[in-house]
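Participant: Before I ask anything, here is the structure I am working with.
The values are calculated or read from the model by the stated rules, or taken from the named source; none is laboratory data. The shown structure was predicted, so the numbers you read here are calculated from the model rather than taken from an experiment. Cβ coordinates were reconstructed from backbone atoms using ideal geometry, including for glycine residues, and neighbour counts include every protein chain displayed. When the accessible area is computed, the model is the full protein with side chains, heavy atoms only, and any ligands, DNA or RNA have been set aside. Shrake-Rupley method; radii C 1.70, N 1.55, O 1.52, S 1.80 Å.
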Amino acid sequence: MRNKTVLISGASIAGPALAYWLDRYGFRVTVVEKAPGLRPGGQAVDFKGRTHRTVLERMGVWEEIRQRRTGTFDTVYLDEAGRELAVMTGEFTGGDVEILRGDLAAILHERTSGGCEYRFGDSITALAETADGVRAEFEHGAAQTFDLVIGADGIHSRVRRLTFGPEREFVRHLGYYYCVAGAPGFGHDARRPERLTARAWNAPGRMAARGGSKGSHLYLFASAEPDRARGDAAAQRRLITELFAGMGGEVPSMLDELDHLDDFYLDAIAQVRMKGRYTSGRVALVGDAAYGNTLGGFGTGLAVVGAYVLAGELAVADGDHEAGYARYDEIMRRYAKIAGNSNAGRFMAPKTAWGIRGRNWLLGSRAFGLMMKYGDKAANDIDLADYPTLAGARPDQG
Ligand SMILES: Cc1cc2nc3c(=O)[nH]c(=O)nc-3n(C[C@H](O)[C@H](O)[C@H](O)COP(=O)(O)OP(=O)(O)OC[C@H]3O[C@@H](n4cnc5c(N)ncnc54)[C@H](O)[C@@H]3O)c2cc1C
């Protein structure tokens, strides 16, 4: 095989999924992750349709994901007096199966830690490509040369910045921010009802939800300013308190709780636009780093499908990165279009009272069913190749 050693940056979903396949195909894989260890919890992520399921079945993780699923969360939009205005079904927000990101990362790590080397608490600081490799420097570890380097380090990818250029060229702010606070606080529990309910309130350009699968609180607000996520957590908590003051329903009591909730995170809702190329020289991007769309849905499915395709094409090309990367770019350019089509902020927190009424009407109409069908179709709009393993067996036959 032409290229054997691969460095992956990021050990959440795309990184370990890629590591799984590369290891099966005979590559030597190192994964570097900036967090000191696996990060538990996180918001719930979901899979939808036969394509996602096929890849997860071929990885042998589908049943475990089903066992650790969160359950189905309907989001009920209420008025200030607590009357129901509309329901966003759990199938729309949570697909066929929803699982905490940390649980999914743990499952994937468990499947790969035997064959791949994980280095937690470190990060790439510089990349220099030579004729036969990429020399990586690290914050802590010694510099090392790898045949290939893959960025699976999320929407704010450092590998993308080091290889392709500054974030502002590739990450588009969609005019909204999200804030999650407090763990969702559930896991799979056979005694728990399968259908659960989150409660949500809107004001123009704002949404506050309590008890959903993203966190115990979820706030969304419209703002075109690029840097509202700056400042420390205390300043960010103050920002949420100011912006949501005056809203009715349970929002005042949510704001009272906010200071006491851990797992507070605020960031822009953003979309990655790579102009159709996720690779450059010996470096490639996969998952949110390449085609992320915060809260837009399908991000996790795209990450596992992208990992499957990237590893498979490299294996079919016998490690030739030029050939393998070209096919990966071509296949994902089409499939990842799904990530460019939605802005969850606009749908969940319309900017006008009319917009909110229109959204509520849509949720109860036949048009909403059509919208869901369109999403299902886009999630399956790929012919998955049945990549052989080096041993000649199909991947799902062990
Ligand atoms: C609030 C919220 C709700 C969401 N809801 C859904 C949903 O319902 N459905 C869905 O499909 N998707 C959802 N997503 C998107 C989903 O989380 C991502 O698409 C998915 O996690 C992508 O996985 P990834 O591995 O590419 O990136 P990430 O999960 O972002 O992981 C990147 C990893 O890289 C690490 N890293 C970052 N920088 C460095 C560095 N310099 N060096 C080393 N490591 C680094 C990070 O610590 C992290 O472990 C949601 C996202 C958010 C924020």
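Participant: Given the structure, is Glu64 in contact (Cβ under 8 Å) with a residue 12 or more places away in the chain, over 30 Å from Cys179 (Cα atoms) and open to solvent by 10 Å² or more (accessible area, probe 1.4 Å)?
Facilitator: It is false that Glu64 is in contact (Cβ under 8 Å) with a residue 12 or more places away in the chain, over 30 Å from Cys179 (Cα atoms) and open to solvent by 10 Å² or more (accessible area, probe 1.4 Å).
Participant: List the helices (runs of 4 or more DSSP H) inside the range 309-369, counting only whole elements, that have at least 2 residues being aromatic (Phe, Trp, Tyr). Give the derivation first.
Facilitator: Details: elements: 321-335, 344-348, 353-363.
The helices (runs of 4 or more DSSP H) meeting that bar are 321-335, 353-363.
Participant: Separate question: Working only within the range 23-53, note down all residues that are open to solvent by less than 10 Å² (accessible area, probe 1.4 Å) and more than 15 Å from the ligand (Cβ to nearest atom).
Facilitator: Correct list: Tyr25, Phe27.
Participant: Cβ-Cβ distance below 7 Å, separation of 6 or more or different chains: which pairs start in the range 12-31 with a residue that is closer than 20 Å to Pro388 by Cβ and among the hydroxyl-bearing types (Ser, Thr, Tyr) and end on one that is open to solvent by less than 10 Å² (accessible area, probe 1.4 Å) and within 12 Å of the ligand (Cβ to nearest atom)?
Facilitator: Tyr20/Leu108
Participant: Next question. Which of (1) within 26 Å of the chain's Cα centre (by Cα); (2) over 25 Å from Lys214 (Cβ atoms); (3) touching a residue at least 24 places away in the same chain (Cβ under 8 Å) does Leu363 not meet, given it meets every other one?
Facilitator: (2)
Participant: Same structure again: Identify, from the list Gly95, Gly15, the residue that is out of contact with any Pro (no Cβ under 8 Å at 6 or more places or on another chain), within 16 Å of the ligand (Cβ to nearest atom), modelled with pLDDT under 95 and of a type in the set (Gly, Ala, Ser).
Facilitator: One residue alone meets the criteria, Gly95.
Participant: So Ala290 fits all but one of (1) open to solvent by 10 Å² or more (accessible area, probe 1.4 Å); (2) near the ligand (Cβ under 9 Å from one of its atoms); (3) more than 8 Å from the chain's Cα centre (by Cα); what number is the exception?
Facilitator: For Ala290, the failing item is (1).
Participant: Condition first: under 23 Å from the mean Cα position of the chain (by Cα), open to solvent by 30 Å² or more (accessible area, probe 1.4 Å) and without any contact (Cβ under 8 Å) to a residue 40 or more places away in the chain. Can you find one or more residues in the range 236-253 that meet it?
Facilitator: no
Participant: Within the bounds of the range 266-275, is there any residue that is buried (at least 18 other Cβ atoms within 10 Å of the Cβ), out of contact with any Gly (no Cβ under 7 Å at 6 or more places or on another chain) and of a type in the set (D, E, K, R)?
Facilitator: Looking through the range 266-275, none of the residues is buried (at least 18 other Cβ atoms within 10 Å of the Cβ), out of contact with any Gly (no Cβ under 7 Å at 6 or more places or on another chain) and of a type in the set (D, E, K, R).
Participant: Go through the range 1-10 residue by residue and tally those that are touching a Phe, Trp or Tyr at 6+ places or on another chain (Cβ under 6 Å) and within 13 Å of the ligand (Cβ to nearest atom).
Facilitator: Total meeting the criteria: 1.
Participant: What are the residues in the range 293-339 that are open to solvent by 40 Å² or more (accessible area, probe 1.4 Å) and among the small types (Gly, Ala, Ser), if any?
Facilitator: Ala323, Ala326
Participant: If you don't mind, there's one more thing I want to ask. Quick check, is Val283 within 16 Å of the ligand (Cβ to nearest atom), touching a Ser or Thr at 6+ places or on another chain (Cβ under 6 Å) and either closer than 19 Å to Phe221 by Cα or in contact (Cβ under 8 Å) with a residue 60 or more places away in the chain (or both)?
Facilitator: The answer is yes for Val283.
Participant: Of the residues that sit in the range 142-162 and are without any contact (Cβ under 8 Å) to a residue 24 or more places away in the chain and within 14 Å of the ligand (Cβ to nearest atom), which one is nearest to Tyr118 (Cα to Cα)?
Facilitator: Among them, the one singled out is His156.
Participant: Here is a follow-up. Where the second residue is open to solvent by 50 Å² or more (accessible area, probe 1.4 Å) and the first is among the aromatic types (Phe, Trp, Tyr) and lies in the range 108-122, which pairs have Cβ atoms under 6 Å and are six or more apart or on separate chains?
Facilitator: Matching pairs, first to second residue: Phe120/Pro36.
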